[in-house]
Amino acid sequence: MTSPFDPVQIGPISLSNRFVKSGANEAMSREGVPTKAMVKHHADLAAGGTALTTMAYCAVSKDGRTLPDQIWMREEIIDDLKAVTDAVHANGGKISAQITHAGSFVTSLKVGTTKSSSTGINKAGLMKGNKWQKAMDQSDMERVKKDFAKAALLAEKAGFDGVELHMGHGYLLNQFISPLSNKRKDEFGGTAEKRIRFPVEVLSAVKEAVGERLAVIAKINVSDGVKGGSTPDDAIILAKALEQAGADMLVLSGGRNIESTWFMFGSPINMEQMLKMITSPINRFFFKLSALSVPKGLEFKEMYLREYSLKIRAAVNVPLAYLGGVTSIDNAQKAMDDGFECIAMARALIHDTGLVNKLKSGEVSKSGCTACNKCVAYIYHPGGTWCVENPANDLEINQIPASRKNYNS
Ligand SMILES: Cc1cc2nc3c(=O)[nH]c(=O)nc-3n(C[C@H](O)[C@H](O)[C@H](O)COP(=O)(O)O)c2cc1C
């Protein structure tokens, strides 16, 4: 029987156990530069026993951000990124960078017309006046492919052990995969095989750039969780193609940021907390509108994506990380028994960065996270994302670039 504490090989890297911190917007970068708070957060996770932590949302280019302070990968921040990876390595952990592009999902920056799989009105962009989206042509696609490969090479230079390509949640690569957004009539739209083509090409480009040295991981949706969106059958076609293209692991997620956030979290966004953090009337309106999609009577269930993820497990041999509502040692063991190689967690590790070691020693058998989702609203807080059950984050260290030397922390 495999234990969640057994080591595992993921492509070229070995992990000391099966626990992965799922990419979760830390809000610990300022003007695209990771801060000391980012260093502390991931160092704490490594010290707490998480084998592979993921630095969330690193845009592959400046126009790939959705929020103004998000990191975009560039030479100028190598030392700051390195401060994060060094701290993780010093504590015995490994770290991957979630590399991504927003496409049309630009909610908090005024950029004008955004690029996506298809031309039309941009729902996400209405919050900031980015009313239109334009279908990417071949040269746009080549540029984005190159940007992903370049970002992966930069991640390698900065000491990351892996990169995770974000293909879920409604960002650019998902805008190709999902029939909700992909209305193309060319060889990149239509059937599932055509809709996944560009994302698979992007992974191949990244694999070619860094695949011998870094773990190349993809985060995919097992379903968009909304009528007209991508289905588990689409996800199987995608997973098989990514396996063929050499992905080292797939992290299984679900839901889209606008249409079905409840599916991503297995419970509704905490509207009361969100409205405290969001001041713009139009953004408040959109959040209220998104609440209408939540199924009546929805209650949080541990391992809420299990049924879907088992379908992917049955279809491929590539290592898979089970994600979604893992809160206890029993859940982690169940994921192992189901045949998943790793267990990814976000909220439970935001609640307690030391959880993995505590599960191992038996100090606790279950996370204290209540899935209240207040942490999701804190991605808009200047102190960075944190769990409301814990003492507040230190505002000061979230203003200081990660590599600043004349600071004793
Ligand atoms: C505060 C917060 C921020 C998140 N930001 C991201 C993100 O930047 N990228 C991403 O892929 N997923 C993001 N997620 C989703 C998580 O990675 C994960 O898919 C989801 O929380 C379900 O896992 P869990 O039940 O272990 O929390 C975020 C989740 C939370 C709670």
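FYI, it's all coordinate maths here, none of it is from the lab. Predicted model, so just to flag it, every value in this text is computed and none were measured. Positions of Cβ are backbone-derived with ideal geometry, glycine not excepted, and every protein chain shown enters the neighbour counts.
Observations on the structure shown:
- For region 3-77, alpha-carbon Rg over 2.2 N^0.38 Å: 1.25
- Mean separation of Cα contacts under 8 Å (6+ apart) over length of region 275-390, as relative contact order %: 21 percent
- Kirkwood Rh in Å, taken over region 61-215 so that all alpha-carbon pairs contribute: 16.1 Å
- Taking region 13-398 and dividing mean pair separation by its residue count, relative contact order in percent (alpha carbons under 8 Å, at least six apart): 16 percent
- Cross-link partners of K40 among aspartates and glutamates (Cα-Cα below 16 Å; sequence separation of 8 or more within a chain): E26, D79, D80, D86, D352, D394, E396
- Taking a straight line from the alpha carbon of K334, these aspartates and glutamates sit under 18 Å away, with near neighbours fewer than eight places off in the same chain left out: D6, E302, E307.
- Over region 342-409, the reciprocal of the mean inverse Cα-Cα separation, the Kirkwood hydrodynamic radius, stands at 13.8 Å.
- For T54, the residues 5 or more places off, or on other chains, whose built amide H falls under 5 Å of its own are K21, S96.
- Rg/Rh (Cα only; Kirkwood hydrodynamic radius) as it applies to region 268-347: 1.12
- Listing L173, L292 from fewest to most neighbouring C-beta atoms within 10 Å gives L292, L173.
- Gyration tensor verdict on region 172-235 (Cα atoms; rounded if a/c is under 1.5, prolate if a/b is larger than b/c, oblate otherwise): oblate
- Convex hull volume per residue for region 12-134, taking Cα atoms only, in Å³: 114 Å³
- Sorted ascending by nearby beta carbons within 10 Å, beginning with the fewest, C375, C58, C369 become C369, C375, C58.
- Share of Cα-Cα pairs in region 251-409 lying beyond 24 Å, as whole percent: 45 percent
- Cleavage-rule hits (trypsin sites (Lys or Arg not before Pro)) in region 89-170: DSSP loop, at most 10 neighbouring Cβ within 10 angstrom: K110
- Cα point-scatterer Debye curve for region 13-398, base-10 log of I(q)/I(0) at q = 0.08, 0.09, 0.13 Å⁻¹: -0.35, -0.45, -1.04
- With contacts taken as Cα pairs under 8 Å and at least 6 residues apart, region 217-261 reaches a relative contact order of 56 percent.
- For region 264-313, alpha-carbon Rg over 2.2 N^0.38 Å: 1.46
- Of K115/K146; K21/K360; K219/K240; K146/K183; K36/K82; K128/K288, those spanning more than 20 Å from alpha-carbon to alpha-carbon: K146/K183
- Taking the helices alone, the chain has a mean residue ellipticity at 222 nm of -10000 deg cm²/dmol, built from -39,500 (n - 2.57) per DSSP H run of at least 4 residues and averaged over all its residues.
- Averaging over all projection directions, the Cα-based convex hull of region 201-281 occupies 7.6 nm² in the image plane.
- Legend: ranking of residues Y322, Y171, Y380 from fewest to most surrounding C-beta atoms inside 10 Å; resulting order Y380, Y171, Y322.
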